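One structure below.
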Amino acid sequence: MKDMYQFVLNMWVFGKVTEQQVRSYAQKGFITQQEADQILATPQEVK
């Protein structure tokens, strides 16, 4: 599932998904909770 982590991370960095969406991906098992936490700790691009 490393590909899904990278995909969600990229979407997060570019502001295409919300924190709630990232958390829902972890709840659904697409990524782990640890991966979700890492993604949410990553700074987003400023527009």
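Observations on the structure shown:
- Among residues other than S24 with Cβ under 15 Å from its Cβ, the summed charge is 0 (Lys and Arg +1, Asp and Glu -1).
- Value of relative contact order over region 2-41, rounded to a whole percent, pairs C-alpha under 8 Å and six or more apart: 41
- The residues E45, E19, when put in order of fewest to most other Cβ atoms within 10 Å, stand as E45, E19.
- From the coordinates shown, Cα extents along the principal axes in Å corresponds to which of (1) 30, 19, 15; (2) 69, 7, 5; (3) 66, 6, 5: (1)
- MRE, 222 nm, helices only [DSSP H, n ≥ 4, -39500 (n - 2.57), over the chain, to nearest 500]: -18500 deg cm²/dmol
- Summarising the label geometry, the points placed 7 Å from Cα in the beta-carbon direction at F14 and D37 lie 2.8 nm from one another.
Here, each number is a calculation from the coordinates, and none is a lab measurement. Here the structure is a predicted model, which means the values were calculated and not measured. Here Cβ is always computed from backbone atoms with ideal geometry, including for glycine, and neighbour counts include all displayed protein chains.
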